[in-house]
Amino acid sequence: MNFPLQTFERPHVDALSLKEAMRRLVGGVAVITAGIGEERTGLTATSAVSLSMDPPTMLICINRTSSSYPIILKRRHFCVNIVHADQAELAGRFAGINGIKGAARYDGADWITMGTGASGLVGALAVIDCEVEEIIERHSHGIVLGAVRDVRGELGDGNALVYGHGRFGNLNLL
């Protein structure tokens, strides 16, 4: 069932206050990759979730001003790489720390080309290769739905990298 988008007067909420509030929510970290060859790019996200198991579908949210967004629109693929707790440096690089951009973010790690053409991180906890099914543009972000085409990785060996309070960490659950 579809509900119509309702318009209503939004109360004034300071964006910085919301950002600070959301930093308290600890989330898993994924490196999202897209593109082919020198066009490859990517980002670090805490907004990657499984939307459905039947059919297998992922959901990622990406700022439309991100350099990765037009590549996902063009190539119609992305890969969700769920990283180990010891891969914080890689996550930082894909977050743009030190100004590293585009294909240079891939340096220093081993990658495989997945069926869609997106890059999968060798040694990630899990690699989920997706073909774009639908993109819903809402406000500053694109909500990207991806049909899962392949799942690979160590699938459970080790602790996932998490992000909260403005820094990477490890919950050490295993």
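Values quoted throughout were computed directly from the atomic coordinates according to the rules given, and no laboratory measurement underlies them. Computed from a predicted structure; not experimentally measured. Note that we place each Cβ from the backbone using ideal geometry, even for glycine, and neighbour counts take in every protein chain shown.
Hey, what number do you get for the chain at 222 nm if only DSSP H runs of n ≥ 4 count, each worth -39500 (n - 2.57), divided across all residues, to the nearest 500?
Rounded to the nearest 500, the figure is -3500 deg cm²/dmol.
Could you list which residues have their amide H under 5 Å from that of residue 159, counting only those 5 or more apart in sequence or on another chain, with H placed in the peptide plane?
Those lying under 5 Å, H to H, from residue 159 are 85.
Can you tell me the relative contact order of the chain? Whole percent, Cα pairs under 8 Å, sequence separation 6 or more. Please report the intermediate quantities before stating the final value.
Values: 359 pairs, mean separation 44.8, N = 174.
26 percent.
Between residue 64 and residues 5 or more places away or on another chain, which pairs have amide H atoms under 5 Å apart, with H built 1.01 Å from N, and which residues are they?
Distant-sequence amide H within range of residue 64: 141, 142.
Towards the positive end of the charge dipole of the chain, with charges on Cβ (+1 Lys, Arg; -1 Asp, Glu), say which of 81, 42, 99 has the farthest Cα.
It is 99, whose Cα lies furthest towards the positive end.
Rg/Rh for segment 26-163: what does it come to with C-alpha atoms and Rh from Kirkwood?
Values: Rg = 13.4 Å, Rh = 14.6 Å.
Dividing the radius of gyration by the Kirkwood radius yields 0.92.
Each residue of segment 53-63 in order: what ³J(HN,Hα) in whole Hz does its phi give by Karplus 6.51 cos²θ - 1.76 cosθ + 1.60, θ = phi - 60°, with x for Gly and Pro?
9, 9, x, x, 9, 10, 10, 10, 10, 10, 4
What is the mean projected area of the alpha carbon convex hull for segment 1-106, to one decimal in square nanometres? Mind dumping the intermediate values first?
On the way: hull surface 38.5 nm².
The number I arrive at for segment 1-106 is 9.6 nm².
Determine the dipole magnitude for segment 26-163: charges of +1 sit on the beta-carbon of Lys and Arg, -1 on that of Asp and Glu, nothing else is charged, the reference point is the Cα centre, and the result goes in debye to the nearest 20.
Values: 11 positive and 15 negative charges, 96 e Å.
Roughly 460 debye for segment 26-163.
I need the chymotrypsin sites (Phe, Trp or Tyr not before Pro) found in segment 1-104, filtered to DSSP loop residues with at most 12 other beta carbons within 10 Å of theirs. Write out the running numbers ahead of the final one.
Values: sites: 8, 78, 94; in loops: 8.
In loop regions of segment 1-104 (DSSP not H, G, I, E or B), the sparsely surrounded chymotrypsin sites (Phe, Trp or Tyr not before Pro) are 8.
In the Gaussian network model of the chain, springs joining C-alpha atoms below 10 Å, which of 11, 70, 55 carries the largest mean-square fluctuation?
11
Sort the following peptides by mean Cβ neighbour count (other Cβ atoms within 10 Å, averaged over residues), highest first: 116-124, 23-31.
Values: 116-124: 22.7, 23-31: 17.7.
Per-residue mean Cβ counts within 10 Å order the peptides as 116-124, 23-31.
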